[in-house]
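Notes follow the structure.
Where a number appears in this text, it was derived from the coordinates with a stated rule and is not lab data. All of these numbers come straight from a predicted model, not from anything done at the bench. In this analysis, Cβ positions are derived from the backbone assuming ideal geometry, glycine residues included, and neighbour counts consider all displayed protein chains.
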Amino acid sequence: MSLNKIEEQVVGAKEGYAGIVKQGQIVRLTDLEGKQVIDFVVWNNDDRREKLSASYSRSRYFAPQGSEYLPRNTIGEGDWLMSTSCRPLMTILKETAERKGVHDLHHRMCNRFMMNVLGGVDVDGCHEIIGKAIAPFGVDYTEVPDPMNVFMNYPYDRDRDGFFINEPITKAGDYIEFRAEMDVLVAFANCPEDITTACNAGNCTSVKIEIFEDTEAEPFPVLDHYTWLHQQLRERGRPVEKTGL
Ligand SMILES: [Zn+2]
């Protein structure tokens, strides 16, 4: 792998970003000061009806055939960000936080409803911040999918039978990297929630985005979800008889 940086931008606290990432390019998001949550969303840039599915990303992975079905609570290094068509939009290549996989794929995102109801202030949440960032790309606020809340520490509490929000575990300089498996539109908000929860440890800070191209990478075909699935099964020695859709 020979990486060449093609973009670098520091996105300020409580601000957002949107941009197109080509197949094979790598996105690195760095938590510059630590304990900052990043609400991250992705679209197939060639057909934006197809977009991130947080629940497919958690629950569709290659478990051994016949094993118990275990939908996971989170994803980490080596896992895919799956689309609403159940094929990979991006792959998580690397995360540097001491504990891997501390991200949330259950909660949606903060928004003006939450800011008003819980905090009593009429300010933008992640949904509005992302909505404004994607508007120049012709994507509407209503089209924002459920995100991967990068670095959000959102464990399940059996006693209370619910999720609760802890401070993130990231330290200054921790980062996560994603590789685009097709041309994608990515957007994120540096979560502005510092009113009622420990989501950002009460101190919202900036995030750096870097985009790299791998000058040695070969382009690869983007397969429809059905063909992709069968290819993956064959690679794992699990051929299936096609029945057609
Ligand atoms: Zn937020």
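Panel order for R108, R99, by other beta carbons found within 10 Å of each beta carbon, from fewest to most: R99, R108. Pairwise Cα distances in segment 125-196 exceed 19 Å for 52 percent of all pairs. Comparing Y226, Y154, Y56 in a Gaussian network model of the chain where C-alpha atoms under 10 Å apart are linked, the largest mean-square fluctuation is found at Y226. Among the GluC sites (Glu not before Pro) in segment 51-127, those placed in a DSSP loop whose Cβ has at most 14 other Cβ atoms within 10 Å are E68, E77, E98. Directionally averaged projected area (the chain, Cα convex hull): 14.7 nm². Against the main long axis of the alpha-carbon atoms of the chain, helix 225-235 sits at an angle near 70°. Here the Debye sum runs over all C-alpha atoms of segment 105-245 as equal scatterers in vacuum, and log10 of I(q)/I(0) at q = 0.13, 0.15 Å⁻¹ comes out as -0.82, -0.98. For segment 24-87, the equivalent ellipsoid built from the Cα gyration tensor has semi-axes of 24, 18, 11 Å, listed from largest to smallest.
With each label modelled as a point 7 angstrom along the Cα→C-beta vector, the D140-H225 pair spans 2.2 nm. For the pair E216 and F163, label points projected 7 Å from Cα toward Cβ lie 3.9 nm apart.
Across the chain, C-alpha contacts under 8 Å between residues 6 or more apart give a mean separation that, scaled by the residue count, equals a relative contact order of 39 percent.
What separates the Cα centres of segment 1-80 and segment 133-186 is a distance of 8 Å.
Which pairs in the list K22/K132; K100/K242; K51/K132; K94/K208; K94/K171; K132/K208 are over 26 Å apart, alpha-carbon to alpha-carbon?
Among K22/K132; K100/K242; K51/K132; K94/K208; K94/K171; K132/K208, the Cα-Cα distance tops 26 Å for K100/K242.
Charges were assigned to the Cβ only: +1 to each Lys and Arg, -1 to each Asp and Glu. The resulting dipole of the chain about its Cα centre is roughly 560 debye. Annotation: amide H-H contacts under 5 Å for V37 (H modelled 1.01 Å from N, sequence separation of 5 or more, or interchain): C191. Only beta bridges with both residues in the chain are counted; by DSSP, about 100 percent of them are antiparallel. Counting only the Cα atoms, segment 1-117 fills a convex hull of 167 Å³ per residue. Full extension of the chain between T91 and D46 gives 14.4 nm of extra length, using 0.36 nm per residue less the Cα-Cα distance. Taking the dipole about the Cα centre of segment 12-165, with the C-beta of Lys and Arg at +1 and of Asp and Glu at -1, give me whichever of N111, W80, G16 is farthest to the positive side. Projecting each Cα onto the dipole axis, the largest value belongs to W80.
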